[in-house]
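The values are calculated or read from the model by the stated rules, or taken from the named source; none is laboratory data. On a predicted model such as this, the values are computed, not experimentally measured, just so you know. When we count neighbours, we look across all protein chains shown, and the Cβ atoms used for this are built from the backbone with ideal geometry, even at glycine.
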Amino acid sequence: MAESPEFAVVLLGSDDNVYGIARSFHERYGTVATVYAREQFAPTRYSKIVAVHLVADFDQDAVFTKTLMQLTCSKPTLLLPCGDAYASLVATHKQELATKFLCPTIDATLLAELADKERFYQLCADHGIAYPATRIVTPAMAASGVAISSPYAFPVMLKPADSLAWHRLSFEGVKKAYLIHSQVELNATVQKAYANGYRGNLILQDFIPGDDSQTRVLNAYVTGDHRVKMMCLGHPLLEDPTPNVIGSYVAILPAHDQTLYDQFAGFLEAIGYVGFANIDLKYDVRDSQFKILDLNLRPGRSAYYVTLNGYNLAQWPVAELIDHTLASEPPVFADPPAASRKLWLGVPKKVFATYASGNPAKADALRLIAAGQVGTTVFYDGDMSFRRWVLMTYMFHNYYGRFRQYFAENKGGA
């Protein structure tokens, strides 16, 4: 791909996902990203590759659009959301934002289909994408006083149908999703959700057996004319057990599966997708197929594994919207050669070695660690100061305590 002329990039959010995208831009183009967020998280602190602007209530519609539309853009400016709430806001207001920014994202119409998990799973069914067996729990069912029974053997998964509304809630014990082990726990969790202000439906799902290594993650980039131009498959080996981010990957091997690439490239193109997509899958040994768990309208929090393995995330939106060369480029279905494969870690190596399930993939990962073929998102030599090194080291060290406290509760029983 050609070198880029001058451009700017605005990233929305301040977590490790934002830092990974900013690092990708900095590594390839030397760009310092402008970042807007409601609050700042550790990964973007003490950094020279991001300029962070904090805005109170930035995740509210009126504040969000007013703030962004008041920005002065002296050069072509990419606008990339890196969190669920921001991805929803950009999609909702894309028509207005596109008068000022280059917005490689879906629009409000497709957002309505994808943000509601009931409608999303129906869309999957319409296009032949397998997903876990699902039952809908409504507020009326919960209010009836009749116990919510599970048609699936325990454990089961419980999660909100309206993930954006759920994201705004805050109460003791709130999680992105719940692994439920008994009838008593199921009804208690349903009642707690509605007692704390949730008004949408809940998704009760058959739990696909197997540990974290049964999952796959697929990051993709799709052009404005709905053509997949990049896909990179990852093989997660360990997930974060901390309740508010449960399920977030903390160790990923690069992987390749052309069947999955073809299947999900066809799906994204058929539904009219645009921009970065992050797809979570899990292999079900009972019927020998991968089933989709979620489609996130942004790069994944761990998407830097893509850049780490030689497929810099920044180059596709730049090639499409700045250089205008992407249309003539063939799609890239990532398959890094053995000599350049790298394990991505979001936790210390010892945490990975201690808590990842023993299997051939873990043995492969340990060989990569021993060979020095390993990397992280936040430890970047091109952006390191003493203060930043101390903070990132402290952040990583905290995972020892988080795994000791939560792993058995949220993963050990799975």
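Being among the β-branched types (Val, Ile, Thr) and at pLDDT 95 or above is the filter here, so list the residues in region 242-284 that pass it.
Narrowing region 242-284 to residues among the β-branched types (Val, Ile, Thr): 242, 245-246, 250, 252, 259, 271, 274, 279.
Correct list: Val250, Ile252, Thr259, Ile271, Val274, Ile279.
Any residue at all in region 17-37 that is over 19 Å from Val318 (Cα atoms) and among the charged types (D, E, K, R)? Please lay out each step first, then the result.
Taking region 17-37 first, the residues over 19 Å from Val318 (Cα atoms) are 36-37.
Now drop any that are not among the charged types (D, E, K, R), which leaves none.
Within region 17-37 (the criterion being over 19 Å from Val318 (Cα atoms) and among the charged types (D, E, K, R)), the answer is no, since none of the residues qualifies.
Which of the residues spanning region 296-335 are crowded, with 22+ Cβ neighbours inside 10 Å, part of a helix (DSSP H, G or I) and hydroxyl-bearing (Ser, Thr, Tyr)?
Those that are crowded, with 22+ Cβ neighbours inside 10 Å, part of a helix (DSSP H, G or I) and hydroxyl-bearing (Ser, Thr, Tyr): Tyr304, Tyr305, Thr307.
For a quick check of your reading of the model, give me the residue pairs whose first member lies in region 51-76 and is outside the structural domain of Arg168 (by TED's automatic domain parsing) and without any contact (Cβ under 8 Å) to a residue 24 or more places away in the chain, whose second is assigned to a helix (DSSP H, G or I) and among the polar types (S, T, N, Q), with beta-carbon atoms closer than 6 Å and at least 6 apart or on different chains.
Close Cβ pairs (under 6 Å, with a partner that is assigned to a helix (DSSP H, G or I) and among the polar types (S, T, N, Q)) amount to Val55/Thr67.
Can you name the helices (runs of 4 or more DSSP H) wholly within region 107-174 that have at least 2 residues being without any contact (Cβ under 8 Å) to a residue 24 or more places away in the chain and more than 13 Å from Leu202 (Cα to Cα)? Steps first, please.
Working: elements: 108-115, 117-126, 139-143, 163-167.
In region 107-174, 108-115, 117-126 are the helices (runs of 4 or more DSSP H) which contain 2 or more residues that are without any contact (Cβ under 8 Å) to a residue 24 or more places away in the chain and more than 13 Å from Leu202 (Cα to Cα).
(1) part of a strand (DSSP E or B); (2) more than 30 Å from Phe7 (Cβ to Cβ); (3) aliphatic (A, V, I, L, M): which one isn't true of Leu80, the others all being true?
Unmet for Leu80, out of (1) part of a strand (DSSP E or B); (2) more than 30 Å from Phe7 (Cβ to Cβ); (3) aliphatic (A, V, I, L, M): (2).
Scan region 365-400 residue by residue and report those that are touching a residue at least 40 places away in the same chain (Cβ under 8 Å) and aliphatic (A, V, I, L, M).
Passing the criteria: Ala365, Leu368, Val378, Leu391, Met392, Met395.
How many of the residues making up region 353-364 are outside any helix (DSSP H, G or I) and touching a residue at least 12 places away in the same chain (Cβ under 8 Å)? First the steps, then the outcome.
Start the filter on region 353-364 by keeping residues that are outside any helix (DSSP H, G or I), which leaves 356-359.
In the following step, the residues that additionally are touching a residue at least 12 places away in the same chain (Cβ under 8 Å) were identified as 356-357, 359.
Residues in region 353-364 being outside any helix (DSSP H, G or I) and touching a residue at least 12 places away in the same chain (Cβ under 8 Å): 3 in total.
Name the residue that is farthest from Glu409 (Cα to Cα), counting only residues in region 247-269 that are of a type in the set (Val, Ile, Thr) and in contact (Cβ under 8 Å) with a residue 60 or more places away in the chain. Let's see the steps before the verdict.
Initially, region 247-269 is screened for residues of a type in the set (Val, Ile, Thr), giving 250, 252, 259.
Then keep just the ones that are in contact (Cβ under 8 Å) with a residue 60 or more places away in the chain; that gives 250, 252.
On the way: Val250: 18, Ile252: 22 Å.
Among those residues, the one meeting the criterion is Ile252.
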